[in-house]
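Working notes for the structure below.
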Amino acid sequence: PTMGSKDAKVTVIEFSDFQCPFCAKGAEVLHEIKKKYGDKVRIAFKNFPLPFHNQAEGAAVAGACAKEQGDEHFWKMHDEMFAHQDALGVEDLKKTAKKIGLKTEQFDACLTGNKYLDQVKASIEEGKKYNVKSTPTFFINGQMINGAQPIEVFAEAIDEQLAR
């Protein structure tokens, strides 16, 4: 899932885990970047559920199931899951889907059928190729930024890219 213009000069890619508290902070920074830069920056989300977060993989599948109904639904689900990291069990995710207005039958079937599990696993493998070892890990036009850094760290890297 992405947000921002396809023609943006800068792309921020985040590898993230819905059960990771640092990733919740990273999600807040992404919203700050969106506010500050608008369509000058395109943001892409990639799943990287860590093995010791027992609900992260299911939450990643839930995000993909939400995206199936539109990118805007993914971002609503994304925000809800990060805001309520203590509610990532299957039944909680189904309640969240209903709360944000998803077609619940379609979402429930997708989630319980693990429809996008292979896609989530492929995202993990992609992250490993780029040397992602922890979450959140960001790439700004290919430049790695590890961890939930303050907006200033991202702004410096983004401004540098925009000035090119």
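The values are calculated or read from the model by the stated rules, or taken from the named source; none is laboratory data. Predicted model, so just to flag it, every value in this text is computed and none were measured. Backbone-built Cβ (ideal geometry, glycine too); neighbour counts: all protein chains shown. Surface accessibility is based on the protein's heavy atoms, side chains included, excluding ligands, DNA and RNA. Shrake-Rupley method; radii C 1.70, N 1.55, O 1.52, S 1.80 Å.
Points to keep in mind about this one:
- Rounded, prolate or oblate (a/c below 1.5 giving rounded, otherwise prolate when a/b exceeds b/c) for the range 27-97 by Cα gyration tensor: prolate
- Taken about its Cα centre, the range 23-164 carries a charge dipole of roughly 160 debye when the Cβ of each Lys and Arg holds +1 and the Cβ of each Asp and Glu holds -1.
- Lysines with Cα under 19 Å of Lys95, excluding same-chain neighbours fewer than 8 positions away: Lys67, Lys76, Lys103, Lys115
- Here's the list of lysines a cross-link from Lys133 could span, going by alpha-carbon distance under 20 Å and ignoring same-chain residues fewer than 8 apart: Lys25, Lys46, Lys121.
- Rolling a 1.4 Å probe across the protein heavy atoms gives the chain an accessible surface of 51 Å² per residue.
- Split the accessible area of the range 1-116 by element, probe 1.4 Å, and carbon with sulfur accounts for 50%.
- Listed residue (Gln106, Val153, Pro136) projecting farthest to the positive dipole end of the range 36-164, Cβ model: Gln106
- Of Ala27, Gly4, Leu93, farthest towards positive along the dipole that unit charges on Lys, Arg, Asp, Glu beta carbons give the chain: Gly4
- Distance from the Cα centroid of the range 93-116 to that of the range 10-40 is 24 Å (rounded to whole angstrom).
- Candidate aspartates and glutamates - alpha carbon under 18 Å from Lys129, same-chain residues fewer than 8 apart omitted: Glu14, Asp17, Asp118
- As a rough guide to protection, the peptides 17-23, 86-92 ranked by mean Cβ packing within 10 Å, highest first, stand as 17-23, 86-92.
- Among 72-80, 4-12, sorting by the average number of other beta carbon atoms lying within 10 angstrom of each residue, highest first, gives 72-80, 4-12.
- Per the Kirkwood formula applied to alpha carbons, the chain shows a radius of gyration over Rh ratio, Rg over Rh, of 0.96.
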